[in-house]
Amino acid sequence: MIKIFFKSFNYKKIMQFKNVKKSIMVLYFIILVLIIAFPLNYQIIRNDGFRGLNTFTYDLRVAEPAWLPNQLPADITISRSGMDIILDRQYDYEVSVADKTMKVIINPDYPEKQYRNAIVFEKQRMVYYNERGSTLVGEYQNLNQGIDFSQLRAMEKTEAVNAFCDFIDQAYNPYTVFYSISVHTLIQFVMNTLLVFVLSLIMLFIRINYKKVTTFGENINIVIAAMTVPSIIAFIVGIIGLIELNSFAVVIFQFLTPIIALLAVYKGSPEKESSTKYL
(Lines give C-alpha, C1' and ligand atoms only; values in the text may rest on other atoms or scores of the structure.)
Protein backbone atom coordinates (compact mmCIF):
# COMPACT_ATOMS: atom_id res chain seq x y z
CA MET A 1 0.00 0.00 0.00
CA ILE A 2 2.97 2.30 0.51
CA LYS A 3 3.86 1.73 -3.15
CA ILE A 4 0.28 2.58 -4.15
CA PHE A 5 0.44 5.78 -2.10
CA PHE A 6 3.64 7.14 -3.61
CA LYS A 7 2.95 6.04 -7.20
CA SER A 8 -0.51 7.62 -7.05
CA PHE A 9 1.15 11.04 -7.08
CA ASN A 10 2.04 10.29 -10.72
CA TYR A 11 -1.25 9.88 -12.57
CA LYS A 12 0.48 8.04 -15.44
CA LYS A 13 1.29 5.16 -13.06
CA ILE A 14 -2.18 4.77 -11.58
CA MET A 15 -3.20 2.33 -14.32
CA GLN A 16 -0.67 -0.11 -12.86
CA PHE A 17 -3.07 -0.73 -9.97
CA LYS A 18 -6.08 -1.79 -12.04
CA ASN A 19 -5.46 -5.48 -11.35
CA VAL A 20 -4.41 -5.18 -7.69
CA LYS A 21 -6.42 -7.40 -5.34
CA LYS A 22 -9.68 -5.82 -4.25
CA SER A 23 -8.96 -6.58 -0.58
CA ILE A 24 -5.82 -4.42 -0.75
CA MET A 25 -7.61 -1.57 -2.56
CA VAL A 26 -10.54 -1.69 -0.13
CA LEU A 27 -8.13 -1.42 2.82
CA TYR A 28 -6.36 1.47 1.05
CA PHE A 29 -9.74 3.14 0.49
CA ILE A 30 -10.57 2.81 4.20
CA ILE A 31 -7.26 4.48 5.10
CA LEU A 32 -7.93 7.34 2.66
CA VAL A 33 -11.40 7.93 4.11
CA LEU A 34 -9.97 8.00 7.64
CA ILE A 35 -7.45 10.59 6.42
CA ILE A 36 -10.25 12.70 4.92
CA ALA A 37 -12.38 12.41 8.06
CA PHE A 38 -9.56 13.09 10.55
CA PRO A 39 -9.59 16.94 10.58
CA LEU A 40 -13.28 17.20 11.48
CA ASN A 41 -13.04 14.25 13.87
CA TYR A 42 -10.24 16.11 15.63
CA GLN A 43 -12.46 19.19 15.90
CA ILE A 44 -15.26 16.99 17.28
CA ILE A 45 -12.94 15.75 20.05
CA ARG A 46 -11.87 19.31 20.89
CA ASN A 47 -15.48 20.56 20.94
CA ASP A 48 -16.92 17.60 22.92
CA GLY A 49 -19.01 16.32 20.03
CA PHE A 50 -21.59 17.95 17.78
CA ARG A 51 -23.49 20.74 19.51
CA GLY A 52 -27.08 19.73 20.14
CA LEU A 53 -26.43 16.00 19.76
CA ASN A 54 -27.78 15.30 23.26
CA THR A 55 -31.43 15.88 22.50
CA PHE A 56 -32.47 15.95 26.15
CA THR A 57 -30.21 18.92 26.91
CA TYR A 58 -31.29 20.53 23.65
CA ASP A 59 -34.89 20.37 24.85
CA LEU A 60 -33.89 21.97 28.14
CA ARG A 61 -32.09 24.81 26.36
CA VAL A 62 -35.05 25.51 24.09
CA ALA A 63 -37.71 25.25 26.82
CA GLU A 64 -35.88 27.34 29.45
CA PRO A 65 -38.19 25.93 32.18
CA ALA A 66 -39.60 28.32 34.76
CA TRP A 67 -38.05 26.41 37.69
CA LEU A 68 -34.52 26.87 36.33
CA PRO A 69 -32.60 28.30 38.15
CA ASN A 70 -34.60 29.93 40.96
CA GLN A 71 -36.39 26.80 42.20
CA LEU A 72 -33.27 24.63 42.34
CA PRO A 73 -32.12 23.70 45.86
CA ALA A 74 -29.28 25.97 46.99
CA ASP A 75 -27.68 23.30 49.20
CA ILE A 76 -26.41 21.01 46.40
CA THR A 77 -22.98 20.89 44.81
CA ILE A 78 -21.83 18.23 42.35
CA SER A 79 -18.16 17.52 41.62
CA ARG A 80 -16.11 14.68 40.16
CA SER A 81 -16.37 12.88 43.51
CA GLY A 82 -20.19 12.96 43.56
CA MET A 83 -23.15 14.95 44.90
CA ASP A 84 -23.03 16.81 48.21
CA ILE A 85 -26.44 17.68 49.64
CA ILE A 86 -27.41 19.07 53.04
CA LEU A 87 -31.17 18.42 53.05
CA ASP A 88 -31.37 14.78 51.95
CA ARG A 89 -34.63 14.74 50.02
CA GLN A 90 -35.88 14.21 46.46
CA TYR A 91 -36.55 17.13 44.10
CA ASP A 92 -38.85 16.71 41.08
CA TYR A 93 -39.19 19.03 38.08
CA GLU A 94 -40.86 18.82 34.67
CA VAL A 95 -40.06 20.26 31.24
CA SER A 96 -42.70 20.38 28.51
CA VAL A 97 -41.36 20.35 24.95
CA ALA A 98 -43.71 19.99 21.97
CA ASP A 99 -45.96 17.03 22.76
CA LYS A 100 -43.85 15.37 25.44
CA THR A 101 -42.94 15.96 29.06
CA MET A 102 -39.51 15.25 30.47
CA LYS A 103 -38.77 14.91 34.18
CA VAL A 104 -35.67 16.10 36.02
CA ILE A 105 -35.21 14.29 39.32
CA ILE A 106 -32.48 15.26 41.78
CA ASN A 107 -31.40 12.93 44.61
CA PRO A 108 -34.09 10.26 44.09
CA ASP A 109 -35.43 8.37 47.11
CA TYR A 110 -35.32 5.15 45.09
CA PRO A 111 -32.33 5.31 42.69
CA GLU A 112 -33.12 1.97 41.06
CA LYS A 113 -36.69 2.92 40.11
CA GLN A 114 -37.59 2.54 36.44
CA TYR A 115 -38.25 6.04 35.08
CA ARG A 116 -39.26 7.10 31.59
CA ASN A 117 -38.22 10.20 29.70
CA ALA A 118 -36.25 11.55 32.64
CA ILE A 119 -32.85 12.79 33.75
CA VAL A 120 -32.02 11.51 37.23
CA PHE A 121 -29.22 13.03 39.31
CA GLU A 122 -28.10 10.31 41.72
CA LYS A 123 -25.40 10.82 44.35
CA GLN A 124 -22.63 9.11 42.33
CA ARG A 125 -23.87 9.30 38.76
CA MET A 126 -26.43 10.72 36.35
CA VAL A 127 -28.88 8.50 34.46
CA TYR A 128 -30.95 9.38 31.39
CA TYR A 129 -34.11 7.32 30.73
CA ASN A 130 -35.70 7.46 27.29
CA GLU A 131 -39.38 6.92 26.50
CA ARG A 132 -38.92 3.12 26.53
CA GLY A 133 -37.12 3.12 29.85
CA SER A 134 -33.68 2.35 28.38
CA THR A 135 -30.84 4.04 30.22
CA LEU A 136 -27.67 5.95 29.42
CA VAL A 137 -25.34 6.51 32.36
CA GLY A 138 -23.31 9.69 32.73
CA GLU A 139 -20.37 9.74 35.11
CA TYR A 140 -19.54 12.72 37.32
CA GLN A 141 -15.90 11.74 36.83
CA ASN A 142 -16.20 13.07 33.26
CA LEU A 143 -16.83 16.61 34.53
CA ASN A 144 -14.32 19.31 33.65
CA GLN A 145 -15.54 21.25 36.64
CA GLY A 146 -18.26 20.85 39.23
CA ILE A 147 -21.44 22.85 39.67
CA ASP A 148 -22.84 24.73 42.64
CA PHE A 149 -26.62 25.19 42.52
CA SER A 150 -26.44 28.29 44.72
CA GLN A 151 -24.25 29.95 42.07
CA LEU A 152 -26.73 28.92 39.37
CA ARG A 153 -29.50 30.67 41.27
CA ALA A 154 -27.47 33.89 41.20
CA MET A 155 -27.08 33.81 37.40
CA GLU A 156 -29.24 35.41 34.71
CA LYS A 157 -31.74 32.84 33.41
CA THR A 158 -30.28 32.08 29.97
CA GLU A 159 -26.77 31.88 31.40
CA ALA A 160 -27.96 29.52 34.13
CA VAL A 161 -29.80 27.27 31.64
CA ASN A 162 -26.70 27.00 29.44
CA ALA A 163 -24.45 26.30 32.44
CA PHE A 164 -26.84 23.61 33.71
CA CYS A 165 -27.06 21.93 30.27
CA ASP A 166 -23.30 22.15 29.70
CA PHE A 167 -22.85 20.41 33.04
CA ILE A 168 -25.12 17.56 31.92
CA ASP A 169 -23.36 17.27 28.55
CA GLN A 170 -19.98 16.94 30.28
CA ALA A 171 -21.17 13.86 32.14
CA TYR A 172 -22.07 12.22 28.81
CA ASN A 173 -19.05 13.56 26.92
CA PRO A 174 -17.47 10.15 25.99
CA TYR A 175 -20.76 8.96 24.45
CA THR A 176 -21.26 12.22 22.56
CA VAL A 177 -17.74 12.30 21.14
CA PHE A 178 -17.80 8.62 20.14
CA TYR A 179 -21.23 8.93 18.50
CA SER A 180 -20.27 12.14 16.67
CA ILE A 181 -17.06 10.63 15.29
CA SER A 182 -18.87 7.43 14.28
CA VAL A 183 -21.61 9.33 12.44
CA HIS A 184 -19.20 11.64 10.62
CA THR A 185 -16.85 8.80 9.61
CA LEU A 186 -19.76 6.63 8.42
CA ILE A 187 -21.08 9.52 6.31
CA GLN A 188 -17.63 9.90 4.74
CA PHE A 189 -17.53 6.18 3.93
CA VAL A 190 -20.98 6.21 2.33
CA MET A 191 -20.41 9.39 0.29
CA ASN A 192 -16.99 8.33 -0.98
CA THR A 193 -18.17 4.80 -1.76
CA LEU A 194 -20.94 6.31 -3.91
CA LEU A 195 -18.35 8.54 -5.57
CA VAL A 196 -16.17 5.53 -6.42
CA PHE A 197 -19.08 3.53 -7.88
CA VAL A 198 -20.51 6.42 -9.90
CA LEU A 199 -17.15 7.38 -11.40
CA SER A 200 -16.37 3.72 -12.13
CA LEU A 201 -19.64 3.41 -14.07
CA ILE A 202 -19.06 6.63 -16.01
CA MET A 203 -15.55 5.54 -16.95
CA LEU A 204 -16.99 2.47 -18.71
CA PHE A 205 -17.94 4.84 -21.54
CA ILE A 206 -14.30 5.77 -22.19
CA ARG A 207 -13.12 4.54 -25.59
CA ILE A 208 -9.69 4.83 -27.22
CA ASN A 209 -9.60 3.91 -30.91
CA TYR A 210 -13.23 2.82 -30.41
CA LYS A 211 -12.05 0.14 -28.00
CA LYS A 212 -13.16 -0.39 -24.42
CA VAL A 213 -10.21 0.37 -22.12
CA THR A 214 -11.17 -0.85 -18.64
CA THR A 215 -13.74 -2.93 -16.81
CA PHE A 216 -15.89 -1.80 -13.88
CA GLY A 217 -13.69 -3.65 -11.40
CA GLU A 218 -10.54 -2.07 -12.82
CA ASN A 219 -12.16 1.36 -12.69
CA ILE A 220 -12.82 0.94 -8.96
CA ASN A 221 -9.08 0.41 -8.37
CA ILE A 222 -8.19 3.38 -10.56
CA VAL A 223 -10.65 5.75 -8.86
CA ILE A 224 -9.49 4.72 -5.37
CA ALA A 225 -5.85 5.36 -6.32
CA ALA A 226 -6.89 8.67 -7.92
CA MET A 227 -8.32 9.78 -4.56
CA THR A 228 -4.84 9.88 -2.98
CA VAL A 229 -3.76 13.42 -3.92
CA PRO A 230 -7.21 15.00 -3.27
CA SER A 231 -7.32 13.22 0.12
CA ILE A 232 -3.97 14.65 1.17
CA ILE A 233 -5.04 18.15 0.05
CA ALA A 234 -8.31 17.83 1.99
CA PHE A 235 -6.37 16.64 5.06
CA ILE A 236 -3.93 19.58 4.95
CA VAL A 237 -6.69 22.13 4.43
CA GLY A 238 -8.74 20.57 7.23
CA ILE A 239 -5.82 20.67 9.66
CA ILE A 240 -5.50 24.42 9.03
CA GLY A 241 -8.91 24.61 10.67
CA LEU A 242 -10.61 27.34 8.64
CA ILE A 243 -14.30 26.60 8.00
CA GLU A 244 -14.24 28.44 4.66
CA LEU A 245 -11.26 26.37 3.48
CA ASN A 246 -12.92 23.14 4.67
CA SER A 247 -15.85 23.80 2.33
CA PHE A 248 -13.42 24.62 -0.47
CA ALA A 249 -11.51 21.37 0.18
CA VAL A 250 -14.67 19.33 -0.47
CA VAL A 251 -15.06 21.02 -3.86
CA ILE A 252 -11.39 20.39 -4.68
CA PHE A 253 -11.68 16.73 -3.68
CA GLN A 254 -14.80 16.10 -5.78
CA PHE A 255 -13.31 18.01 -8.72
CA LEU A 256 -9.79 16.54 -8.72
CA THR A 257 -10.67 12.86 -8.20
CA PRO A 258 -12.50 12.35 -11.53
CA ILE A 259 -9.93 14.47 -13.43
CA ILE A 260 -7.01 12.41 -12.09
CA ALA A 261 -8.88 9.16 -12.79
CA LEU A 262 -9.61 10.15 -16.40
CA LEU A 263 -6.02 11.32 -16.98
CA ALA A 264 -4.79 8.03 -15.53
CA VAL A 265 -6.82 6.08 -18.10
CA TYR A 266 -5.92 8.22 -21.10
CA LYS A 267 -2.22 8.63 -20.30
CA GLY A 268 -1.61 5.25 -18.69
CA SER A 269 -3.49 3.03 -21.11
CA PRO A 270 -1.44 0.92 -23.57
CA GLU A 271 -4.00 1.90 -26.22
CA LYS A 272 -2.95 5.08 -28.00
CA GLU A 273 -5.47 7.37 -29.59
CA SER A 274 -5.19 7.50 -33.38
CA SER A 275 -3.97 10.74 -34.89
CA THR A 276 -6.30 12.57 -37.28
CA LYS A 277 -3.53 14.78 -38.65
CA TYR A 278 -3.51 13.31 -42.17
CA LEU A 279 -7.24 12.59 -42.47
Are there any strands (runs of 3 or more DSSP E) wholly within segment 57-161 with 1 or more residues that are surrounded by 15 or more Cβ atoms within 10 Å (Cβ to Cβ) and under 28 Å from the mean Cα position of the chain (by Cα), and if so which? 91-97, 100-106, 118-121, 125-129, 135-139
Please find, among Val177, Val161, Val251, the residue that is of a type outside the set (Lys, Arg) and in contact with a Lys or Arg (Cβ under 7 Å, 6 or more places away or on another chain). Val161
Quick one: would you say Arg125 is modelled with pLDDT under 90, among the charged types (D, E, K, R) and farther than 30 Å from Leu40 by Cα? no
Subset of segment 66-116 [more than 20 Å from Phe167 (Cβ to Cβ) and not charged (D, E, K, R)]: Leu87, Ser96, Ala98, Thr101, Tyr110, Gln114
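The values are calculated or read from the model by the stated rules, or taken from the named source; none is laboratory data. The shown structure was predicted, so the numbers you read here are calculated from the model rather than taken from an experiment. Glycine also receives a Cβ, built like all others from the backbone with ideal geometry; neighbour counts cover every protein chain displayed.
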